[in-house]
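Structure record follows, encoded as structure tokens.
Only the coordinates and a few stated rules stand behind these numbers; no lab work does. Because the structure is predicted, anything quoted here is derived from the model rather than measured. Cβ sites come from the backbone with ideal geometry, for glycine too, and all protein chains shown count toward neighbours.
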Amino acid sequence: MRSKASVKGHSLHPMLVSFPIAFFTATLVFDVLGYFTGKIFYNSMAVVLIIAGIISALIAAVPGFIDFLYTVPPKSSGKKRAAKHGIINVCVLLIFAASLVYRSNTPDASMNVILLLETAGVVLLVIAGWMGGTLVARNQVGVDHRYADAGKWKEVYLNAENGRVEIAGYGHLKTGQMMLVHVDGRRIVVARMEDGFAAFADHCPHRGGSLAGGALICGTVQCPWHGSQFLVNTGAVKAGPATTGIPVYPLQLSNGKLWLQLA
Ligand code: FES
């Protein structure tokens, strides 16, 4: 699923999170150095690093939230994972902000309290980073798909009239390629096969993976998350772990136009 917050196909959120991860981790390192050496320089640097971490985290959160809303497939395990990832990161932000406020407003601030807060923040940061890695590596959030012959993955937004919709741009699809069509809140995949077109729901019944980002071979679509396979003409399961099929939609090709029936 190509990120909705990207530049030339490069997802912004994974790039920007490097900064708060580095700043917050360095904050703890500098405070530990200050604790053991007694040199105030290290603690002063830690304050600067916390401020840099908070600012960069807020900036990185913007494309992350956009991806959460518009890139991660709805009603999926990825959506739940992304929500937990976001909540944990907010906790990290609050912990380091609390550390900053505490040390700034307390004349005899305890280094033990500060180090405890920052250690908890870094531990949560590692957990959130692990989840973020899973969102990219397994759930493929932000992956910019390409088809054979350098065909680009396509996504269009269309409006239905009287229960049917004309699939604009279907002619650009080559055999084995798919496009994701948003119609009245539904996500539908239009696929081109050797012997015609097929339309089916963009929702794997196993854990909600986006089938539009999968592979289409010989009338079978394979989910990119755990490999379930479905026959695109009937929606039947060909291989698990999914145990239930997917909804399919009738298509009609007339006068050079491709129509999809919703009802
Ligand atoms: S989400 Fe698990 S196979 Fe599709």
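In this structure the amide hydrogen of Tyr249, modeled in the peptide plane, comes within under 5 Å of the amide hydrogens of Ala199, Phe200, none closer than 5 places in sequence on its chain. Relative to the dominant Cα principal axis of the chain, helix 77-105 is inclined by about 20°. Amide hydrogen proximity for Lys238: with H placed 1.01 Å from N in the peptide plane, the residues at 5 or more positions away or on another chain lying under 5 Å are Gln229, Phe230, Leu231.
Descending by average beta-carbon neighbour count within 10 Å, the peptides 164-176, 189-201 line up as 189-201, 164-176, the highest first. Close amide H contacts of Leu258 (hydrogens built in the peptide plane, cut-off under 5 Å, sequence separation of 5 or more or a different chain): Ile167. The equivalent ellipsoid of the chain has semi-axes of 49, 16, 15 Å, largest first, where each one is the square root of 5 times an eigenvalue of the Cα gyration tensor.
Sum up the charges of everything whose Cβ sits under 11 Å from the Cβ of Leu49, counting Lys and Arg as +1 and Asp and Glu as -1, but leave Leu49 out.
For residues surrounding Leu49, the net value is -2.
Applied to segment 129-142, the Karplus parametrisation 6.51 cos²θ - 1.76 cosθ + 1.60 on θ = phi - 60° returns per-residue 3J(HN,Hα) values of x, 4, 5, x, x, 5, 4, 7, 6, 9, 7, 6, 6, x Hz, with x for Gly and Pro. The separation of segment 118-183 from segment 198-263, counted between C-alpha centres, amounts to 15 Å. For segment 14-19, backbone phi angles converted through the Karplus equation (6.51, -1.76, 1.60; θ = phi - 60°) give residue-by-residue couplings of x, 6, 6, 5, 4, 5 Hz, Gly and Pro being listed as x. In summary, the aspartates and glutamates within cross-link reach of Lys154, defined as a Cα separation below 14 angstrom excluding same-chain residues under 8 places away, comprise Asp144, Asp202. The alpha carbon radius of gyration of segment 148-261, expressed as a multiple of 2.2 N^0.38 Å, is 0.99. Take the Cα of Ala148, step 7 Å toward its Cβ, do the same at Ser44, and the gap between the two points is 6.5 nm.
Here segment 6-137 yields Rg over Rh of 1.04, to two decimals, using C-alpha coordinates and the Kirkwood radius.
Rounded to a whole number of µm²/s, how large is the Stokes-Einstein D of segment 196-263 at 37 °C and 0.692 mPa s, given Rh as the Kirkwood radius over C-alpha pairs? Present the calculation step by step, with values, prior to reporting the outcome.
On the way: Rh = 12.2 Å.
After rounding, the answer is 269 µm²/s.
What are the trypsin sites (Lys or Arg not before Pro) within segment 33-114 that DSSP puts in a loop, where the Cβ has at most 14 other Cβ atoms within 10 Å? List each step's numbers first, then the result.
On the way: sites: Lys39, Lys75, Lys79, Lys80, Arg81, Lys84, Arg103; in loops: Lys39, Lys75.
The qualifying sites are Lys39, Lys75.
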